[in-house]
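Q: Take this structure first; my questions come after.
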Amino acid sequence: MEIKLAECAGFCFGVKRAIDTVYEQIETGKTIYTYGPIVHNEEVVRELEQKGVCVIEGEEELAACSAAAGGTEGGANAGPSVIIRAHGIPRRTQELMEQYGLECIDATCPFVKRIHRIVEKAGEQGMHVVIAGNSGHPEVEGIRGWCGGPVTVVETEAEAERFVPEEGRQVCLVSQTTFNYNKFQSIVEIFRKKGYNGNIVSTICNATEDRQRSAQALAAEADVMIVIGGKHSSNSRKLYEICSRECAHTYFIQTLDDLHLELPKAVRLVGITAGASTPNNLIEEVQNYVRINF
């Protein structure tokens, strides 16, 4: 039986950069917080918590965080350090951090930061921003928070068909960096047919496209497919959806403890892929387990 890892799997540039930023700040000995989980992988977050990194879950906790550390409103760097997660945050939240005197360290993925600049400019130009993405996802909520005008989130082709902007207002279409590439292309086609050609920008990052394509190609030839990723990870769930369409025996796991393989007879190839927030040591652990036990 052959075990094959997808050509593109595991940490992407933005995730690695964010995690490296946290570890660099730990070394300073300061009190470190992250605004939301730094990435969508519970194993990574748990490891950081063991090193003293606390997670702030919402804006209401910022004031308490500053007060507990002796920070005062308007006092630059008076409080502890708060690291902005890879998904980014709304402008309002960043401004609140500064008001409460918290040192703000921005670990937003550069590809996400680019979207913030695009939608901010579009809002200034009076355009209606449309985000192709998962409503409620922290990256999408962050992008929404940089739009100065009307904004709509569409997740499906049906929602794209129903969307109608205010008469005379141009549309700016962007996407969540981890959105399904093929689905985004379908939404683009719908908008073009409807004449919404104002400003269509493909903001799915290359790492996402490469990861989805390599996972699909491997799943198409595999007898069994294992997708490793956090249960709250949007890009990992999309990998599972893509692989499931190609391979009937597809498993979505967060850690090795979740892996309960029921292999069909005469398995020739087991494929493995992993989301952008999955550490290499976990991927290797799953590979070794399958190799030894099957």
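Q: Collect the residues in segment 21-44 that are within 19 Å of G230 (Cα to Cα) and surrounded by fewer than 20 Cβ atoms within 10 Å (Cβ to Cβ), keeping them in residue-number order.
A: Hits for segment 21-44 are E42, E43.
Q: If the Cβ limit is 8 Å and pairs must be 6+ apart or interchain, which residue in segment 215-241 that is more than 16 Å from V44 (Cβ to Cβ) and in contact (Cβ under 8 Å) with a residue 12 or more places away in the chain pairs with which residue that is among the aromatic types (F, W, Y) and in a loop (DSSP other than H, G, I, E, B)?
A: K238/F179
Q: If you don't mind, there's one more thing I want to ask. If I go through segment 206-217 residue by residue, how many of them are crowded, with 23+ Cβ neighbours inside 10 Å and of a type in the set (A, V, I, L, M)?
A: Matching residues across segment 206-217 total 1.
Q: Which of (1) assigned by TED's automatic domain parsing to the domain that holds G271; (2) outside any helix (DSSP H, G or I); (3) of a type in the set (S, T, N, Q) does Q212 not meet, given it meets every other one?
A: Here Q212 meets the rest and fails (2).
The values are calculated or read from the model by the stated rules, or taken from the named source; none is laboratory data. Here the structure is a predicted model, which is why all the values come from computation and not from measurement. Cβ sites come from the backbone with ideal geometry, for glycine too, and all protein chains shown count toward neighbours.
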